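Following: one structure in structure tokens, then a few remarks.
The values are calculated or read from the model by the stated rules, or taken from the named source; none is laboratory data. From a predicted model like this one, the values you see are computed outputs, not experimental measurements. A quick note on method: Cβ atoms are made from the backbone with ideal geometry, for glycine too, and the neighbour counts reach across all protein chains shown. For accessibility, only protein heavy atoms count, side chains too; no ligands or nucleic acids. Shrake-Rupley method; radii C 1.70, N 1.55, O 1.52, S 1.80 Å.
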Amino acid sequence: IDQFVQSRDLEEQIKGNISVLKAGISKLDKSVSEQLVEREMIRDDLKSANIDQFVQSRDLEEQIKGNISVLKAGISKLDKSVSEQLVEREMIRDDLKSAN
């Protein structure tokens, strides 16, 4: 009888342990699922951020190209102005030589 009672107690203890394990597994499964969802959300956010960075870099690239065009035009005007001044200087020099 004692052995029977002990075996019943042991059986109840095992059932309790199994219930605790099942609850732990369920919590763990839920936690893993939540982490997977969170990881997916983070991955989506990163993709979105990369797209935003790409768009910003393209905008910046276009802005730089525009600035380069403006600088080239300015250099061209400056070069033309310097050339005209050199021609004018030569003409003044020639006039001064003629006057002397």
Residue among D2, D29, D9 that alone is among the charged types (D, E, K, R) and under 53 Å from the mean Cα position of the chain (by Cα): D29
So which of A73, A49, A99, A23 is out of contact with any helix residue (DSSP H, G or I) (no Cβ under 6 Å at 6 or more places or on another chain) and loosely packed, with under 10 Cβ neighbours inside 10 Å? A99
Of the residues in region 52-67, those that are open to solvent by less than 80 Å² (accessible area, probe 1.4 Å) and aliphatic (A, V, I, L, M) number 1
